[in-house]
Amino acid sequence: KWFFDYNKGIEESTRLTKEFLKLTGDSLREVRNEIQATADTYGKDYKETLEAVDVLTSQYGYTAGEALKIINDGFQSGADLNGDMIEKIKQYAPAFRDANISGRELLATIQQTRSGIFSDSGMALIQMGSKKIREMSDSTAEALEGIGINAKKVEKDLTSGAMSTVDVIKLVSTKLKEVPQNSKEVGAVLKDVFGRQGANAGLKMIEHLDTMNVDLE
């Protein structure tokens, strides 16, 4: 029965890996074994580990091996202390990719949600801030101008690639420390740059963003 169940598991993992990653032959077997090793080592389900690999490969263009290396490094850095690292990868990879945050930087950000000021809300904060900065509505532009950030220059720098949205978010974080906390300018940034997530996360977390360490090493 053990041998039968083992072979059924191999068949299923092979089928899923082929379906998700479009691999065949030796590459299929090698990647399947590596994903299984990661899942077994860290007590995760094979399919959910495969889904995390698939998200990183589809969003960032990594090979399966590169994606697995990032995931394993994330586990080793303690990013799964809360048990939800894989879920966070699947949830936030698309938005973080849009913000020019690499896969390794995404895992480093997840690692920092373990404790202290930067909680899970920080992930949603970066996600919402990136969205609003890219859209740059009139109210978002006015909020940026209110704390001394030239919105037109930000738009130009984003278009040219001179800045990423996460660079702008860190600049906002720095500028907020120069403005009285109870001012209407701060209120406008919370509302129009970070939206509902700004109110949920609070000013302290936003001010912490410019010192966030995104080096997974």
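The values are calculated or read from the model by the stated rules, or taken from the named source; none is laboratory data. Being a predicted model, the structure only gives us computed values, none of them experimental. A quick note on method: Cβ atoms are made from the backbone with ideal geometry, for glycine too, and the neighbour counts reach across all protein chains shown. Ligands, DNA and RNA are stripped out before the accessible areas are found, and what is left, the full protein with its side chains, is counted by its heavy atoms. Shrake-Rupley method; radii C 1.70, N 1.55, O 1.52, S 1.80 Å.
In the complete set of protein chains, residue-level accessible area for residue 167 is approximately 70 Å², probe 1.4 angstrom. Helix 64-77 against the longest principal axis of the chain: what's the angle in degrees, Cα atoms only, rounded to the nearest 10? So the inclination is approximately 70 degrees. When 211, 165 are compared by accessible area at a 1.4 angstrom probe, the order from most to least is 211, 165.
Of the trypsin sites (Lys or Arg not before Pro) in segment 8-114, the ones in a loop by DSSP (not H, G, I, E or B) with at most 14 other beta carbons within 10 Å are 22. Under conditions of 37 °C and 0.692 mPa s, segment 139-192 yields 292 µm² s⁻¹ as its translational diffusion coefficient, taking Rh as the Kirkwood radius over Cα pairs in the Stokes-Einstein equation. Put a plus charge on the Cβ of each Lys and Arg, a minus charge on the Cβ of each Asp and Glu, and nothing anywhere else: the dipole of segment 57-106 about its Cα centre is then about 100 debye. Once C-alpha pairs closer than 8 Å and six or more residues apart are averaged by separation and normalised to the residue number of segment 65-217, the relative contact order reads 29 percent. The charge dipole of segment 79-217, taken about the Cα centre with unit charges on the Cβ atoms of Lys, Arg (+1) and Asp, Glu (-1), comes to about 160 debye, rounded to the nearest 20.
The local environment of residue 156, defined by Cβ-Cβ distances under 14 Å, has a net charge of 0 under the rule Lys, Arg +1 and Asp, Glu -1.
Between 192, 45, 26, the residue with the greatest mean-square fluctuation in the GNM of the chain (Cα pairs under 10 Å linked by springs) is 26. Here residue 132 is the anchor, and the lysines within straight C-alpha reach of less than 24 Å, apart from those fewer than 8 places off in the same chain, are 88, 90, 152, 153, 156, 170, 175, 177, 184, 191, 204.
Count Lys and Arg as plus one, Asp and Glu as minus one, and take only other residues whose Cβ is under 11 Å from that of residue 178; the net charge is then 0.
Among 59-65, 142-148, sorting by the average number of other beta carbon atoms lying within 10 angstrom of each residue, highest first, gives 142-148, 59-65. Once the Cβ-Cβ distance of residue 10 and residue 63 is raised to the sixth power relative to R0 = 22 Å, the FRET efficiency obtained is 0.45. Note on exposure: 153, 170 ranked by accessible area (1.4 Å probe, complete protein assembly) read 153, 170, with the most exposed listed first.
Phi angles of segment 159-173 translate, via the Karplus equation with coefficients 6.51, -1.76, 1.60 and θ = phi - 60°, into HN-Hα couplings of 5, 7, x, 5, 9, 9, 5, 5, 5, 5, 4, 5, 5, 4, 4 Hz per residue; Gly and Pro are given as x. For 137, 130, 58, the ranking by accessible surface with the largest value first comes to 58, 137, 130, using a 1.4 Å probe.
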